[in-house]
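Data first, discussion second: the structure below is written as structure tokens.
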Amino acid sequence: MAKKDKLTEALKKHFGFDTFKGNQKAIIENVLAGNDTFVLMPTGGGKSLCYQLPSLLMEGTAIVVSPLIALMKNQVDAMRNFSEEDGVAHFINSSLSKSAIDQVKEDILSGKTKLLYVAPESLTKEENVEFLRQVKISFYAVDEAHCISEWGHDFRPEYRRIRPIINEIGKRPLIALTATATPKVQHDIQKNLGMTDAAVFKSSFNRVNLYYEVRPKTANVDRDIIKFIKSNEGKSGIIYCLSRKKVEEFADILKANGIKALPYHAGMDSQVRSANQDAFLMEQVDVIVATIAFGMGIDKPDVRYVIHYDIPKSLEGYYQETGRAGRDGGEGHCLAFYSYKDLQKLEKFMQGKPVAEQEIGKQLLLETAAYAETSVCRRKVLLHYFGEEYPEDNCGNCDNCLNPKKQVEAKELLGAVLEVISTLKEKFKAEYIVNMLVGNETSEIQSYKHNELEVFGSGQDEDEKIWNAVIRQALIAGYLEKDIENYGLLKITPKGKEFMKKPVSFKITEDHEFEEEEEEIPVRGGASCAVDPVLYSMMKDLRKKLSKRLEVPPFVIFQDPSLEAMATTYPITLEELQNIPGVGAGKAKRYGAEFIALIKRHVEENEIERPEDLRVKTVANKSKLKVSIVQSIDRKVALDDIAVSKGLEFGELLDEVEAIVYSGTRINIDYFLNDVMDEDHIEDIYEYFKDSETDDLEEAIEELGGDYTEEEIRLVRIKFLSEMAN
Ligand code: ADP
Ligand code: MG
């Protein structure tokens, strides 16, 4: 082995790693040489090290702009772990006290501090600017740099002020880093930071170990997800929902179904939030249900699945969120539930925002829809979106590649699309082109009088869906290009022009049909509910036997569709059997016994999970008040304090808590009981309820006599009911 070079030695010395990952070394060399640097590297790629190591090797302090307070704290802690000197890294943000800030400043001026993390808001504060002007700065790093662009998934206006402030403080080399950037976003960032000449280091965005899957979101989505989680027992997973309300609701539903899950969103009390995050990191719970607020900077290497309950607002967001699965290179199942209705809802939310912003939001959504609906390799589509070409035909690790749809020739169709685009001088978006093809007289088309053109309606033999598929796949194949700067106008590439002169074969796959509720996409792991062929044939044999014995034709016993239904849903009681089409009470009684015995044996021997077993328990329709009470109790807030904060009498609060317990939610109020009651008293009352035949309060009061107050009895009864009944 070659002797280690200096940089690798420094890596080992400061961070304990033996080798650099990916582009790290070249990036660090570029920073050390004092050049501007732009880094595109997927989540988990090791971006932090690209500025941390040079900061230690260079003279002065590196200023790191980073968007989240929590993130900063983690990074500073991590840096301190590597160093003997606590002052080596600091952060300045709004959470620090005046005296803490003074300490930070002292360390910086004394030269101890190599890295200073600042939030953009703090960077722009006059007093900080004043201070930083006296500091010797080695370089600036802008982490999560996609926040600069409105086209990114997490735009923050204050990020756009970084460059002017840097100019005020004093120009030094700049390194910008992000895990997601389409070519458009990358350009935005470089332009805004005034670093168009920067050396760009782009790692591949391909995450080979991630399995991408999109399923239609039906009314059964809760059930689908519960089933998925149960078949992945003991593994860690994240479920993303778009609203805080949904996060809370769904976390409750999961808990009610015996899954260890906790919610996480920005609206929660910060203590609970970080406790929940820790519980997930420490594997006290398997699942975290979260809004996208969760995950930035979360470094749990073995998240085995990421589920999108709602379709994300952009593919950047989706990529970033799915990127949290399988960071250790192991299994990572990315499952998204898609419905067109969700998309429309999201579009509606945007109304009321400035028009330009709406337009951007809509374009981003359309890209997400295209991704969800496509039957092309998902990896190919995603990577194309990030400006990367994926050359393989079949990635072998997405739903579309595992269940490829038949390709159909679309040479003529592509010709027609190109014809329309060229006739319209490449000045329109996909939607408009499709309307022209199918002959849809929108008011826009009328105002341009385009309905009078020959190409208007030239594609009316095919429907919109096909045309969308042709256009999307022509984009991927490089016949067309989207002019993102101009909100997605379609342009014909040189390859497209070549095609117009000399058409060649162009095969496409039709998009998935998502509007029909019941479409069944074959799923990895066989979650689809197809007929069990083994059971089906055994039942046919049984029917034959019975038919001989009873001397009736087989169909008189049960008809084929009934047997098929049985081999799908596995009824094992006479009641369940009567739910099968073609089986009434009479038939069930007369012929059913042997069938259900057979099914039962089959189910047991093969450990089959019956759909009936999976009936999802819903959480009792709890009002907001009840939900909030349960949360406070989970947080171990004293019950009298809860009552005060909700404006309730203590008795009224107990009414609510009792209702919660009676509806089947289990809560634990021991923390409070142990605080306000004697242990013996609790035990006495508890024992009483154990032996009693009724939970009636009056009777309990009478029976237990004057030793206990009504409130005490009610409190212990809550404990008892929660532990026994639920
Ligand atoms: P990113 O910011 O790109 O998502 P991080 O900087 O958080 O990634 O790094 C991800 C993980 O990779 C961290 O646990 C980090 O310690 C680790 N890591 C970074 N560089 C190396 C390296 N050269 N060798 C081994 N592990 C590394
Ligand atoms: Mg990072």
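The values are calculated or read from the model by the stated rules, or taken from the named source; none is laboratory data. Just so you know, these numbers come straight off a predicted model, no measurement behind them. Neighbour counts are summed over all protein chains in view; Cβ atoms, including those assigned to glycine, are modelled from backbone coordinates with ideal geometry. Areas reflect the complete protein model, heavy atoms only, side chains present, ligands, DNA and RNA absent. Shrake-Rupley method; radii C 1.70, N 1.55, O 1.52, S 1.80 Å.
Using alpha carbons only, how many angstrom separate the centre of region 651-672 from the centre of region 40-72?
Going from one Cα centre to the other spans 48 Å.
Can you tell which of F205, Q134, G152 lies farthest toward the positive end of the dipole of region 131-236, using +1 and -1 charges on the Cβ of basic and acidic side chains (Lys, Arg; Asp, Glu)?
The residue sitting most towards the positive pole is Q134.
Report ³J(HN,Hα) in whole Hz for each residue of region 161-172, in order, from the Karplus equation J = 6.51 cos²θ - 1.76 cosθ + 1.60 where θ = phi - 60°; Gly and Pro get x.
9, 4, 4, x, 5, 4, 4, 5, 6, x, 5, 9
Counting only heavy atoms of the protein chains, get the accessible area per residue of region 40-89 (1.4 Å probe) and round it to a whole Å² value.
Dividing the accessible area of region 40-89 by its residue count gives 35 Å².
At 0.36 nm per residue, and after removing the present C-alpha to C-alpha distance, how many nm does the segment from E419 to E389 gain when stretched out fully?
Extra length from E419 to E389 when fully extended: 8.2 nm.
Testing the spin-label approximation: label points 7 Å from Cα along Cα→Cβ at S628 and R172. State their distance in nm.
Going from the S628 label point to the R172 one covers 4.7 nm.
What list of ³J(HN,Hα) couplings, whole Hz, do you get for region 300-312 from phi and the Karplus terms 6.51, -1.76, 1.60, once you set θ to phi - 60° and write x for glycine and proline?
Whole-Hz 3J(HN,Hα) from phi for region 300-312: 8, x, 10, 6, 8, 8, 10, 10, 9, 5, 10, 5, x.
Quick one: Karplus J couplings for region 695-704, per residue in order, coefficients 6.51, -1.76, 1.60, θ = phi - 60°, nearest Hz, x for Gly and Pro?
Result, rounded to whole Hz: 9, 4, 6, 3, 4, 4, 4, 4, 5, 7.
When Lys and Arg each count +1 and Asp and Glu each count -1, what net charge do the other residues less than 12 Å away from L721, Cβ to Cβ, add up to?
Values: positive: R666, K690, R714, R717, K719; negative: E658, D695, E723.
Counting the neighbours of L721, the net charge comes to +2.
Could you work out the local net charge near E698, counting Lys and Arg as +1, Asp and Glu as -1, over the other residues with Cβ closer than 13 Å to its Cβ?
Residues close to E698 contribute a combined charge of -4.
Using a Debye calculation, one point per C-alpha and no hydration shell, please list log10 I(q)/I(0) for region 4-143 at q = 0.10, 0.19, 0.21, 0.22 Å⁻¹ in order.
Log-scaled intensity ratios, in q order: -0.32, -1.17, -1.41, -1.54.
Across all directions of projection, what mean area in square nanometres is found for the Cα convex hull of region 287-333?
Result: 3.2 nm².
Please give, to one decimal in nm, the separation of the simple spin-label points placed at N35 and V644, each 7 Å out from Cα toward the Cβ.
6.4
Determine Rg/Rh for region 389-496; Rg is computed over alpha-carbon atoms and Rh is the Kirkwood hydrodynamic estimate from the same atoms. Provide the component values of the computation, followed by the final result.
Details: Rg = 15.0 Å, Rh = 14.8 Å.
Checking Rg against Rh, the ratio lands at 1.02.
In percent, how large is the relative contact order of region 145-224, given Cα pairs closer than 8 Å and 6 or more residues apart?
Result for region 145-224 is 29 percent.
When the helices in the chain are scored as -39500 (n - 2.57) per DSSP H run of 4 or longer and the sum is shared across all residues, what 222 nm value do you end up with, to the nearest 500 deg cm²/dmol?
-14500 deg cm²/dmol
Which aspartates and glutamates does K136 reach when only Cα atoms under 20 Å apart count, and residues fewer than 8 places away in its own chain are ignored?
D36, E59, E85, D86, D102, E106, D107, E126, E127, E168
Go ahead and run the numbers for FRET between E693 and N668, Cβ-Cβ distance against an R0 of 25 Å, rounding to 0.05.
0.45
Just need the relative contact order of the chain here, percent rounded to a whole number, with Cα pairs under 8 Å and 6+ apart. Kindly include the intermediate steps, with their values, before the conclusion.
Details: 1046 pairs, mean separation 64.0, N = 726.
Contact order relative to length: 9 percent.
For T61, enumerate residues with amide H under 5 Å from its amide H, sequence gap 5+ or separate chain, H modeled in the peptide plane.
Distant-sequence amide H within range of T61: K136, I137, S138.
Grab the Cα-Cα distance for N209 and D77, subtract it from 0.36 nm times how many residues apart they are, and report the gain in nm with one decimal. Please list the in-between numbers first.
Numbers: separation 132, 0.36 × 132 = 47.52 nm, distance 2.99 nm.
Going from the current span to full extension adds 44.5 nm.
I175's amide H: which non-local residues (gap 5+, or another chain) put their own amide H closer than 5 Å, with H modeled 1.01 Å from N in plane and none for Pro or chain starts?
Those lying under 5 Å, H to H, from I175 are T37, Y140, A141, V142.
In region 321-423, what trypsin sites (Lys or Arg not before Pro) fall in a loop by DSSP, with at most 10 other Cβ atoms inside 10 Å?
Here the sparse-neighbourhood loop sites are K406.
Provide the gained length on full extension for the span D18 to Q559, in nm with one decimal, where the gain is 0.36 nm per separating residue minus the Cα-Cα distance.
187.9 nm
Could you give the dipole magnitude of the chain about its Cα centre, charging the beta-carbon of Lys and Arg +1 and that of Asp and Glu -1, in debye to the nearest 20?
Numbers: 94 positive and 123 negative charges, 834 e Å.
Computed charge dipole of the chain: roughly 4000 debye.
Apply 1/(1 + (r/R0)^6) to the Cβ-Cβ distance of A26 and D197, taking R0 = 22 Å, and write down the FRET efficiency to the nearest 0.05.
On the way: r = 17 Å, r/R0 = 0.77.
After rounding to 0.05, the efficiency reads 0.85.
List the residues of region 658-693 whose backbone N lies under 15 Å from a point placed 7 Å from the Cα of E711 along the Cα-to-Cβ direction.
Once the point is set 7 Å along Cα→Cβ of E711, 672-678 turn out to lie under 15 Å by backbone N, inside region 658-693.
Give me the Kirkwood hydrodynamic radius of region 261-351 in Å, from all C-alpha pairs, to one decimal place?
Result for region 261-351 stands at 14.1 Å.
How large is the dipole of region 201-313 about the Cα centre if only Lys and Arg carry +1 and Asp and Glu carry -1, each at its Cβ, rounded to the nearest 20 debye?
Computed charge dipole of region 201-313: roughly 360 debye.
Could you tell me which of rounded, prolate or oblate describes region 176-258, using a ≥ b ≥ c as the square roots of the eigenvalues of the alpha-carbon gyration tensor, with rounded for a/c under 1.5 and, failing that, prolate when a/b is larger than b/c and oblate otherwise?
Working: a/c = 3.25, a/b = 2.39, b/c = 1.36.
It is prolate, given that a/c is not under 1.5 and a/b is the larger ratio.
Taking H placed 1.01 Å from N in the peptide plane, check which residues at least 5 places from G332 or on another chain put their amide H under 5 Å from its amide H.
Placed amide hydrogens put Y211 under 5 Å from G332.
Using R₀ = 35 Å, calculate the FRET efficiency as 1/(1 + (r/R₀)^6) where r is the Cβ-Cβ separation of A659 and K589; round to 0.05.
About 0.25, to the nearest 0.05.
What is the Cα centroid distance between region 437-513 and region 367-430, reported in whole angstrom?
Here the two parts' Cα centres lie 12 Å apart.
Label E359 and K125 with points 7 Å out from Cα along Cα→Cβ: what is the distance between them in nm?
Each label point lies 7 Å from its Cα, and together they span 3.8 nm.
Distance between the C-alpha centers of region 91-163 and region 200-273? Whole Å please.
33
What number in nm² do you get for the chain if you take the convex hull of its Cα atoms and divide its surface by four? Don't skip to the answer; put the middle values down first.
Working: hull surface 178.8 nm².
Spelled out: convex hull of the Cα atoms, projected over all directions, averaged, 44.7 nm².
Taking only C-alpha pairs under 8 Å that are 6+ residues apart, what is the relative contact order of region 1-52 in percent?
It comes to 29 percent, rounded to a whole number.
Just add up the charged neighbours of A89: K/R +1, D/E -1, any other residue whose Cβ is under 15 Å from the Cβ of A89.
Counting the neighbours of A89, the net charge comes to -2.
Need one word for region 217-258: rounded, prolate or oblate. Basis is the Cα gyration tensor (sqrt eigenvalues a ≥ b ≥ c); a/c below 1.5 gives rounded, then a/b vs b/c decides.
Note, shape of region 217-258 comes out prolate.
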